[in-house]
Each structure stands twice: as C-alpha cells, then as structure tokens.
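Everything on this sheet refers to the single structure shown next.
The values are calculated or read from the model by the stated rules, or taken from the named source; none is laboratory data. What you see is a predicted model; the values in this text were computed from it and never measured. When we count neighbours, we look across all protein chains shown, and the Cβ atoms used for this are built from the backbone with ideal geometry, even at glycine. Just the protein is used for accessible areas: all its heavy atoms, side chains included, with ligands, DNA and RNA removed. Shrake-Rupley method; radii C 1.70, N 1.55, O 1.52, S 1.80 Å.
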Amino acid sequence: MATSDIAAPYAEGLTRRQWSVLGITMLFWLFDGYETFALLLTIGPSLHQLLPANELATLPRVAAYLISITLFGWAVGGVIGGIVGDRLGRRWTMIGAVLLYSIFTGTSALAPNWQILALTRFLTGFGIGAEWGVGTSLLQETWPERLRTKGAGVLQAAFSGGFVVASVLWLVLGGWFGGSWRWMYAVGIIPALFVALLARNIPESERWTKASRTAASIGATLRAHSRNLVLAILVSISITLGFWAISSWVPTYVATLASDPKSGVYYAGMAGLFYAIGEIIGCIAFGFLADSWGRRWTLAFYLAGSIAITPVVFLWVRDPTTVVALQIANGFLTGGLYGWFAVHPPELFPTAARSTAISLIFNFARFLAMFGPILASSLIGFFGGYGPAATILASIFAIGIVVLPLLPETKGQPLPE
C-alpha cells in the first residue's frame, strides 16, 4: 500500500462545524480538568488555613472528605446531566453545566471554612459531571466515523490539559510568588465568560434531533442493552476507583518526600505537571491504539501497566526528583485509562439513550469511588505511609481486566443509531 493511500483518510478535511465541536468541547473539558486538579494541588495549603491548629492532625481525613464530596457531586450531576442531555439536548445541557461548575469554583475562593469549601466543591463536581456525557455524545455524533476514535482521544486529553494549566499556575502563584490557594479557585470563573462568548457557536447534535427522545424510548433502549451497561459500569469502577484511591494522592505524596514545605510545593506542582503531560499523551495514544489493537486489548494494556507502575512510584523510589520524572509514565498509564470512556462506551449504545448510558457508566462508579480516598487515607494511616496503601489498592485495576473480555469489540463498527 502506498504512503499516500495510508495518509488519505487523514488528509480529507473536516467541516467547520466538526472543528467547532471539537474546539469548544476541548475548551470546556480543559476547564473541567483545571477545576478538578486545582483541588488536588491546593488541598494541603487550603486545609492548613481552614482547619483550626488543634485539628491539623485530621488533615488527611478531611482532605479525603473534600475529594469524596466532589466525586459525589460529580456522580449525581453526571447521572442527571446524562438524562437531561437525552431529553432536552446536548447543547443546552452543556451550557448550563459549564456555567454551574465555573460559578461555584469561583465561589470556592471565598470559603471561610472547610465545610463551605466542601459545599462549593460538591456543586462544582455536579456541573463537571453533567457536562461530561453530553460533551462526549456531541463529539461522537458529529465527527465522521473514520475519525471518531482519534477525536475522542484528543477530547479526553483536553481534560488532562487542564491539569497542566492548573499545575503551571500553582507553580507560579503558590511556588514563585507564594500566593494564596484562593487565587486558584478565583481563576475558575473564566469558563462562564467563554460560555457568554461561544454559546451561539455550540451546535446541537443532528443525530439527537432525529432520534426518539421520550422517557419510554430511553428506558427501553437501556433495558435492551442492560448487559453491556452493567459490564461497562464494572470496568468504570475499576478505572475510577483506582484513579481516585491512588493517583489523586500523587501531589500530596510527592510533597512529603521533600526536605521542607517550600520545596514540597515545588515538587507537588511539578509532579502534577508531569503527570498531566503523561496523561495527555496517554489519552491521545489510546485513540490511535484502539483503532489499531481494538478497544479491549488497548484498555487491557493500560490496566496492566497501571498495576505495574504503582509500586514503582509509591513504594520503591524515594527520591523526589526521580518520582516526579516517573509521573510521565504514571500519567500515561493510570491517566490514559480515561481515554476508554470517550472511545468505547459511546459505541455500545444507540443515540436515543447514549448520553444517559455513558453518563451512568462514567458517573455511577463515582458513588463507589467517593469512598476510595477515605479508604486510602485509612490504609495510609494503618500502614504508616502511602506506598503500601497504593500498592494494595492497585489490585482494583485487575477487576477491569477480568470483566473487559465480556464486552463486545466495536473496532471498525459504525456508531449505533
């Protein structure tokens, strides 16, 4: 086969509408990632300020509460947003969700205590969860069949791009200038401004407008595909619980390896930055590998790699500079897992219930994952360190490897109508 024949499918142009969908959803997903990672980066400094001095010993437990409450909001918002997206449309659901999470990220900057911060983080998580399913559906239903998988990988990478933005900003504000953690949340109001500027340019899915959208049709479609729904949720639990119980602790863990608090901020920020870069590469690579290896083999590779990399990062290596460098590989594997959500689940369900189904898959796991940080904090205390706890929890990824072969392989198949 000639080189020109191989390159031909990628040389064919996309329409302005398709580029617009990718650009807008990527922008909003970038801010999804920023709003999420801002909490993980600043959770230590914020709680040192918000907790009374005599309660600082409870910081790991309260940090776990904040992460879990955010996940709970994400799960609730994701389920509701998915249903609303199938009933009222992808466009307006996405606009409302972005406005919600940007407003409450901004108000997080004003929190006088950790309880109020927990409330604003719940509402932020609600908006992020509601936006995910409709954004994924809009891209998958708009892009041509030959490029859907690669476009989905690029879209998921934008979420990790938000991690990069948050990490760099925290290095500048918290590291170089010694600024308050509150500025990180204040920046989160920016997506609302983009909604005001771009709302008219957000198209509705033509597939959605043609599909049957009654509550009965959505319910009937989900019942007809209940086996795939249950299996995909189990895979989602493996990925999501593993990430939030292990990888969400990376910045905090790396900071403990530093010799003093100031260098701890630096190492935490650099670890977050390197992890995000690895995750971006991993998500984009997932889309390409899934087109080559298939959806199931690609995810199996990422899951097995996640099990292998965890003890290396958390248990065997103690030098902070080396641990920071390892975050490229760690992010590629444990963060790149999220490429599966944008690639495989949308191909398992028809348009009438796609947003609801993939939102259930992506977010139902968060009802369990919200206990992951709490479980991790308990194991950290029990074992006296992050390493043994993370290594034990990495076994969660094996659940996905066991369940994955039971799902159908969708490589090369058109998006179900």
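Pairs meeting the criteria (first residue in the stretch 265-278 and touching a residue at least 24 places away in the same chain (Cβ under 8 Å), second residue of a type in the set (Val, Ile, Thr) and open to solvent by 50 Å² or more (accessible area, probe 1.4 Å), beta carbons under 6 Å, at least 6 apart or on different chains) are PHE274/ILE328; GLY278/ILE328.
Restricted to the stretch 357-394, and to residues there that are touching a Ser or Thr at 6+ places or on another chain (Cβ under 9 Å), β-branched (Val, Ile, Thr) and open to solvent by 10 Å² or more (accessible area, probe 1.4 Å), the residue that is modelled with the highest pLDDT is THR391. Looking across the stretch 323-356, just one residue is open to solvent by 10 Å² or more (accessible area, probe 1.4 Å) and not in a helix (DSSP H, G or I), and that is PRO350.
Taken over the stretch 77-92, residues that are in contact (Cβ under 8 Å) with a residue 60 or more places away in the chain and either over 16 Å from SER359 (Cα atoms) or open to solvent by 10 Å² or more (accessible area, probe 1.4 Å) (or both) amount to 4. In the stretch 195-247, of all residues being farther than 22 Å from TRP92 by Cβ, in contact with a Gly (Cβ under 7 Å, 6 or more places away or on another chain) and at pLDDT 80 or above, the one that is most open to solvent (accessible area, probe 1.4 Å) corresponds to LEU241. On the stretch given as the stretch 41-76, residues that are crowded, with 17+ Cβ neighbours inside 10 Å, without any contact (Cβ under 8 Å) to a residue 60 or more places away in the chain and of a type outside the set (Val, Ile, Thr) total 3. Scan the stretch 143-160 and give yes if some residue there is in contact with a Lys or Arg (Cβ under 8 Å, 6 or more places away or on another chain), closer than 29 Å to PHE332 by Cα and in a helix (DSSP H, G or I), otherwise no. No, the stretch 143-160 has no match at all. Kindly establish whether SER292 is farther than 17 Å from GLY161 by Cα, open to solvent by 40 Å² or more (accessible area, probe 1.4 Å) and hydroxyl-bearing (Ser, Thr, Tyr). So SER292 fits the description; yes. One residue stands out in the stretch 303-320 among those that are part of a helix (DSSP H, G or I) and either at pLDDT below 90 or open to solvent by less than 10 Å² (accessible area, probe 1.4 Å) (or both): the one that is nearest to ALA290 (Cα to Cα), namely LEU303. If you go through the stretch 236-253 and keep only what is of a type in the set (A, V, I, L, M, F, W, C) and either in contact with a Pro (Cβ under 9 Å, 6 or more places away or on another chain) or over 15 Å from LEU404 (Cβ atoms) (or both), you end up with LEU241, PHE243, TRP244, ALA245, ILE246, TRP249, VAL250.
Residues in the stretch 187-214 that are touching an Asp or Glu at 6+ places or on another chain (Cβ under 9 Å) and either assigned to a helix (DSSP H, G or I) or without any contact (Cβ under 8 Å) to a residue 60 or more places away in the chain (or both) were compared, and the one that is farthest from SER306 (Cα to Cα) is LYS210. Number of residues in the stretch 131-148 that are hydrophobic (A, V, I, L, M, F, W, C) and open to solvent by 10 Å² or more (accessible area, probe 1.4 Å): the value is 2. All conditions but one from (1) touching a Pro at 6+ places or on another chain (Cβ under 7 Å); (2) among the aliphatic types (A, V, I, L, M); (3) closer than 21 Å to GLY272 by Cβ apply to VAL168; the one that does not is (1).
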